[in-house]
Amino acid sequence: MVTTEEVIEEKEEKKVPVHVFKNPEFQHTAFRSSKKRGWRNLKQIISLERTYTWPDDSVHYSSIDAPPAFTPAKKYSDVSGLPANYTDPLTKLRFADASEFYRVRDLPMDIVNGLLELRKANSIVG
């Protein structure tokens, strides 16, 4: 028969081992200081990156010499923003379905030119 004292002694002998890779004095940085750390917006990050001296082959937010994408650019409708499979040959605007096609054809030329300028396409119309 096993007594309760023997069970307690067995539990005391089976202590959880301390892992070597864990630092017992570690304290997370969020709990160390009472000072709140603020977030930086993109403008602050870019201005900070411009002050550093970067190697010539590094890619960062303000560099425009990033490698090109291998996938072709997706085409979106100029009217609704949905993925567009079609282009109107008269106005050169992209559209997603037949209802948008009729809407594109009813647009005045100044709005068509404005939509093409937003897309940075060369305006052939008018």
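The values are calculated or read from the model by the stated rules, or taken from the named source; none is laboratory data. Given the structure is predicted, the values throughout are model-derived calculations rather than measurements. For neighbour counting, all protein chains shown are included, and Cβ atoms are generated from backbone atoms with ideal geometry for every residue, glycine included. Surface areas here come from the heavy atoms of the whole protein model, side chains and all, with no ligands, DNA or RNA. Shrake-Rupley method; radii C 1.70, N 1.55, O 1.52, S 1.80 Å.
Observations, loosely collected:
- Cut-off 15 Å between beta-carbons: net charge of the residues surrounding Asp78, Lys and Arg +1, Asp and Glu -1: +2
- Within the accessible area of the stretch 70-109 (1.4 Å probe), percent carbon and sulfur: 59 percent
- Solvent-accessible area per residue for the stretch 75-126 (1.4 angstrom probe, square angstrom): 69 Å²
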